[in-house]
Every structure is written in C-alpha cells, then in structure tokens.
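Heads up: the structure comes next, in structure tokens.
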Amino acid sequence: MTTLFVYIEKNFYFWEVYFCIIIYIMSGLTKINLIIHSFALAHAVVTIVFKWLDWPNDIPLTILTIVTVMWVAMEQGIPIDVSAAIALLCCFAGFFLGTQAPLWFETTGWKWLIEYSNVITTVVVTEILGWTTFFITYRRKR
C-alpha cells in the first residue's frame, strides 16, 4: 500500500501540469466544450439504456439533439428562429449519419465494434453536430 502512495507522490507533479495544460487549452471555450461534451455523454447514456431496455431511442435522441443545437446557438447570441432552422437541419443530418454509420462498422470486419457501433456513432455524430453548430454561429469579437 505504501508503494502506491510513493507512486502518487512521484507522479503528482505530472498530473498537476497535465490538468493545468488541459484547463489552459479549454479556457477560451469552456462553456461550449461543457455543453457539447455533456450532451454527447447524455446521448451515449440514452443509447445504452434504451438498447438495454429494448426501447426505440429515436425520440429522446432527437430531443437531445435539438436542445444541444439550440443551446449552443443561443450561447452565441443567435436568434431563436435561426437556431431552430439549424436544429432542424442538424436533426436530419444526425438521423442520416446515425443510421448509416453503424452499417459501416459491419463492412469493416471489426466484429468486436458492432455491438457498440450505435454508441460510438451517437457520440461522434453529436460532437460533429455540436461543433458544426458552433462554427456556423461563431461571431468574431471586435
């Protein structure tokens, strides 16, 4: 047990520097990062739970996608009608990517990934849609 504490003491400085670097990198976009990554995690949890319960997950994922896009757009100061239009486009894109990407896993031959293909696809698509929304609505500060 004491060797574990010695190991932690020796490597504490490394972890402190690592977290400082991560915080510095994310300092400019902390709120947007938090929103997008939190909703990607929420999408993954919904996908796992609904698959486990054998329920269809299309309605909760659509609602989460709309809320994600609207929240990111509202943080950028975009009017509600424009952010609703972006949310509608993102829902169509999310549905297309979310249904076609798991089929790609079957063609790759990675049998161990097929079981998790929906979760991986959902997280990746949510990140893509969130950051796309951010870059579409980004306003340069003068």
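Details
- Complete set of residues in the stretch 34-69 that are among the charged types (D, E, K, R) and more than 16 Å from G98 (Cβ to Cβ): D54
- T68 vs. criteria open to solvent by less than 30 Å² (accessible area, probe 1.4 Å) and within 14 Å of the chain's Cα centre (by Cα): yes
- Filter pass, I8 being modelled with pLDDT of 50 or more and loosely packed, with under 12 Cβ neighbours inside 10 Å: no
- Checking I78, I59 one by one, the residue that is more than 19 Å from E115 (Cα to Cα) and modelled with pLDDT of 90 or more is I59 and no other.
- Criterion violated by R142 - all others in (1) in contact with a Leu (Cβ under 7 Å, 6 or more places away or on another chain); (2) modelled with pLDDT under 85 satisfied: (1)
- Note on the stretch 89-110: residues that are within 20 Å of the chain's Cα centre (by Cα) and either touching a residue at least 40 places away in the same chain (Cβ under 8 Å) or open to solvent by less than 100 Å² (accessible area, probe 1.4 Å) (or both) total 11.
- When K31, K51 are screened for being under 14 Å from the mean Cα position of the chain (by Cα) and at pLDDT 55 or above, only K31 passes.
- When the criteria are applied in full, I25 meets the requirement of being closer than 24 Å to F135 by Cα, modelled with pLDDT under 85 and either part of a helix (DSSP H, G or I) or among the polar types (S, T, N, Q) (or both).
- Any chance V49 is open to solvent by less than 70 Å² (accessible area, probe 1.4 Å), under 20 Å from K31 (Cα atoms) and not hydroxyl-bearing (S, T, Y): no
- Inspection of the stretch 120-135 finds a residue satisfying the criterion of being in contact with a Ser or Thr (Cβ under 6 Å, 6 or more places away or on another chain), surrounded by 12 or more Cβ atoms within 10 Å (Cβ to Cβ) and at pLDDT 85 or above.
- Set V119, V72, V124: member being within 19 Å of A42 (Cβ to Cβ), touching a Gly at 6+ places or on another chain (Cβ under 8 Å) and among the hydrophobic types (A, V, I, L, M, F, W, C): V72
The values are calculated or read from the model by the stated rules, or taken from the named source; none is laboratory data. Model, not experiment: these values are computed from the prediction. Reconstructed Cβ throughout: ideal geometry from the backbone, glycine too, with neighbour counts over all protein chains shown. Surface accessibility is based on the protein's heavy atoms, side chains included, excluding ligands, DNA and RNA. Shrake-Rupley method; radii C 1.70, N 1.55, O 1.52, S 1.80 Å.
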